[in-house]
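J.: If you scroll down you'll find the structure; I have some questions about it.
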Amino acid sequence: MRIPILFAISLLITGTVSAETLFIIPDRYAEATDSYVIVYRTEEHVVAFGTWGKRGNILDTDASDLSAYALVTVRNDNGILQATELGRVLYRNGRTLIVKLLRPLTGDFLRTDIFMVQPLRETKAPATPIPIPVRGEYDDSVADIVAAVSEDSLISITTNYQNYLTRHSSTSGFDSACAWSHNRFLSYGLNSEIRHFSSLGYDCQNVIATQTGTVNPDQYWIICGHLDSTSPQPQTDAPGADDNGSGSAAVMEAARIMSQYDFEYTVRYCLWGGEEQGLFGSAHYADSVKLAGDVILGVVNLDMIFYGPSPYDKAALNYNTASTGLGLAFDAVSDTYVPALTKTVANPPVSASDHASFWVAGYPAMLSIEMDWGSNPYYHQTTDVIANYTQYFPFGTNMAKAAIATVAYLAVPSGTGVEEDSFHNSIGTVTMRLSSNPVNFMASAIVNVPSTCLAKLSLFDISGREVQSVSETLPAGSSPIDMNVQSLVPGIYLLRLDANGESATSSMVIIK
């Protein structure tokens, strides 16, 4: 087992331990019990809070409740040093820390190498993938929706949000941006509402617009982003064009276009408040819908999608184990409808945006974010204005198109799609196509790579569970990779190629 990079204190204790303990269980499949709750889950282990059962490494024996800790996302190792201003660093996994607080959290904690500070919360994320249904067909309506996404519209909406001067959650600028968004949703014929909640002693808001499904109205997909902004002058000068006027504009653009279509599933377009202070808006919503028993099929969260300097003009896809199926669906759908967008999978995924609130509630959710967001010089600055990003278009437009295509495809436009033999996908310099589809014995992928490299072909079921893989060293040019699928049950699968630092994804149907 690979232990996290840093333990400020990691004790193997055999004596008396207090009733409330923060500790690591070296089992990725561990679940909560009557004696402890799960607060953080990785691909290899979980961090738990409660009664230690002499299993795993203890991080803190002097614990009172979860409010004594924070989950902190850092830019680099210097961020760890800055995190010590909050308290004692107990744990690190990639960019994520768990800190024992010196004092209660009170709001924005802005440091150059700190991305987010949020309360440590109990998580109900399962240890195995949640099934995501993926159709094996091309849909003309989705292609039409993607074609309607307008760069000018995205720039116009982002500029409007920027012009409120600040959208810090406690300001009138944020209130005005919420009201404008609400009225805009209404103008599209959507059922929109502003939902209020308390955040750090002041009233805050989420804007929720609903487009009711024609077949499955009680099951829904969410496309979302946070509307609030921050900077070193949060009360007066926080334009937040990229963070997160860009994601909010993409949600608005999705509503503008998709409201003209009918979908089998309900779609919700959500703009959150209180994100910069610790994901309070999305956490309030996710907790409330979980309590109500709502069926959320998946959440696509957009946060910072305009900054794309070459060679970092890629989308970083962040999804946890439970959301693997959703991440693969996003990969396959965007490959098909937005082939110009190159993507990479973040490992480990960050939890410093609103998708993590849905992980905590146990729903499948993912974040699509610009790959180089950690180096964006305008991040949380008064210089986060649209003029600094237009040079990177059409990258920003393609980021929006990919998310909109995914939600539109999964929500199922009511019109009939056109059957095709497969998704033929191209990512950067690597391409893949199936020689035939459906298959019943041997799947053959025709792979094209620019230079000799190791290529891995992985097959996933619709839950996102890898069921088979094969790796081969391929010469430059086109080569076949064969995979025997005779032992697999019939159904729809996703096939992913990883080669030359790039990937391509296709749906595949197995028949008998």
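J.: Kindly provide the pair-distance distribution of the range 21-119 built from C-alpha pairs, with 10 Å bins from 0 and whole-percent values in order of increasing distance.
T.: 16, 47, 30, 6, 0
J.: When T324, T159 are ordered from fewest to most other Cβ atoms inside 10 Å of their Cβ, what list results? Let's see the in-between values first.
T.: Working: T324 23, T159 16.
Ascending Cβ contact count within 10 Å gives the list T159, T324.
J.: Pairing rule first: another cysteine's C-beta must sit under 4.7 Å. Under that rule, which cysteines of the chain stay single?
T.: C178, C204, C453
J.: Along its principal axes, what span do the Cα atoms of the chain show, with the longest given first and each in whole Å?
T.: Extents along the principal axes: 61, 58, 43 Å.
J.: Can I ask one more? Which lysines have a Cα lying under 27 Å from the Cα of K54, excluding residues fewer than 8 positions away in the same chain?
T.: K100, K124
J.: Something else: Packing-wise, with mean Cβ within 10 Å as the measure, how do 354-362, 239-247 rank, highest first?
T.: Descending mean neighbour count gives 239-247, 354-362.
J.: Report the one residue of F263, L317, Q162 whose Cα lies farthest in the direction of the positive end of the charge dipole of the chain (charges on C-beta: Lys and Arg +1, Asp and Glu -1; origin at the Cα centre).
T.: Farthest towards the positive pole: L317.
J.: Working out 0.36 nm times the residue gap between T159 and T383, then minus their Cα-Cα distance, what length gain in nm do you get to one decimal?
T.: Working: separation 224, 0.36 × 224 = 80.64 nm, distance 1.32 nm.
Full extension of this stretch gives 79.3 nm more.
J.: Ok, one more. Say R0 is 41 Å: what FRET efficiency, to the nearest 0.05, do S172 and N347 get from their beta-carbon distance? Before the final figure, lay out the partial values.
T.: Numbers: r = 41 Å, r/R0 = 1.00.
Efficiency at R0 = 41 Å is approximately 0.50.
J.: Here's another thing I want to ask about it. Could you work out how far the C-alpha centroid of the range 61-93 sits from that of the range 257-328, in angstrom?
T.: Using only Cα atoms to place each centre, the spacing works out to 26 Å.
J.: Largest first and in whole Å, give the semi-axes of the range 425-510's equivalent ellipsoid, each being the square root of 5 times a Cα gyration tensor eigenvalue.
T.: The equivalent ellipsoid of the range 425-510 has semi-axes of 21, 12, 11 Å.
J.: Now for a different question. Sort the range 140-411 into rounded, prolate or oblate with this rule: let a ≥ b ≥ c be the square roots of the eigenvalues of the Cα gyration tensor; rounded if a/c is under 1.5, and if a/c is not under 1.5, prolate when a/b is larger than b/c, oblate otherwise.
T.: Rounded shape, in that the Cα axes give a/c under 1.5.
J.: Mean 1/r over all different Cα pairs, inverted: what Kirkwood radius does the range 107-263 give, in Å?
T.: Details: mean 1/r = 0.0563 Å⁻¹.
This gives a value of 17.8 Å.
J.: May I ask you to sort V251, V134 by Cβ crowding, counting other Cβ atoms within 10 Å and putting the fewest first?
T.: Fewest to most other Cβ atoms nearby, the residues stand as V134, V251.
J.: First select every other residue whose beta carbon is under 15 angstrom from the beta carbon of F185; then total the charges, Lys and Arg +1, Asp and Glu -1.
T.: +2
Computed from the coordinates by the stated procedures, all read-outs in this text should not be read as laboratory data. All values derive from a computational prediction rather than experimental measurement. Ideal geometry is used to build each Cβ from the backbone, glycine not excepted, and the neighbour counts take in all protein chains shown.
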